[in-house]
Amino acid sequence: MVNIAQICPCRHPQVGFSTLEILTTVAIIGIVSVLALPDFTRARARTELRQTVIELQSNLNMARMVAMNRDTTVTVTLAVLGNGRVQVSFQGFLPPYTMPVSITGFGGTNPLRFNSYGMLVGVVANQQISLTSQSGLVYSVQVTPGGRTKWCASSTCT
């Protein structure tokens with residue numbers, strides 16, 4: 001067996017990394033991070049938009065259920081506030097909520113009215129509400145005349 005003290009005459013053997021090795025590793029990590037940042041930003045925007053659309057779909061389902069349970073008509077309205085943020089209002093059962101800053105606009109049917117049977121009032125075709133993010137992504141919620149909802153990762157649901 002070889003004794004390390006015989007190979008290295010110094011008192012303590014040299015262990016660890018050199019400054020050059022550490023700088024090279026930090027440079028590689030930095031380059032990979034810079035390359036991955038745009039993908040991470042896009043993924044985060046998609047996730048936030050998806051979460052907001054699913055929340056809107058859930059609240060539309062709740063509005064429908066409230067209309068049926070209370071035997072009344074419930075109106076859901078979207079509006080752009082003065083600060084550019086999108087707000088959703090639910091007539092009489094939920095306080096209005098403001099969507100995240102990354103949601104910059106909406107399109108489609110506004111307002112939606114659910115009757116006591118859970119159906120859309122005065123509608124004979126599927127209705128779309130599209131949400132647009134700062135990065136230009138558009139996701140939608142489709143509401144059938146019967147009040148059923150689904151969300152899509154596109155500007156229109158098929």
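Things to note:
- Reference-scaled alpha-carbon Rg (2.2 N^0.38 Å with N residues) for the chain: 1.83
- GNM top mover of Val66, Val124, Val32 - the chain, alpha-carbon springs below 10 Å: Val32
- Kirkwood Rh and Cα Rg combined as Rg over Rh, evaluated for the stretch 26-79: 1.41
- Extension reserve of the Gln87-Leu23 stretch, reckoned as 0.36 nm per residue once the Cα distance is removed: 18.1 nm
- Point-to-point label distance, Val34-Ala153, nm (Cα→Cβ direction, 7 Å offset): 3.0
- Within the stretch 97-141, chymotrypsin sites (Phe, Trp or Tyr not before Pro) in DSSP loop having at most 15 other beta-carbon neighbours inside 10 Å: Tyr117
- Taking Cα atoms only, the orientation of helix 19-70 departs from the longest principal axis of the chain by about 20 degrees.
- Most fluctuating residue given options Thr109, Thr24, Thr98, as computed from a GNM of the chain linking Cα atoms under 10 Å: Thr24
Bear in mind that the values in this text are calculations on the coordinates, not laboratory data. What you are looking at is a predicted structure, and each value in this text was computed from that prediction instead of being measured. All Cβ positions, glycine included, derive from the backbone under ideal geometry; neighbour counts span all protein chains shown.
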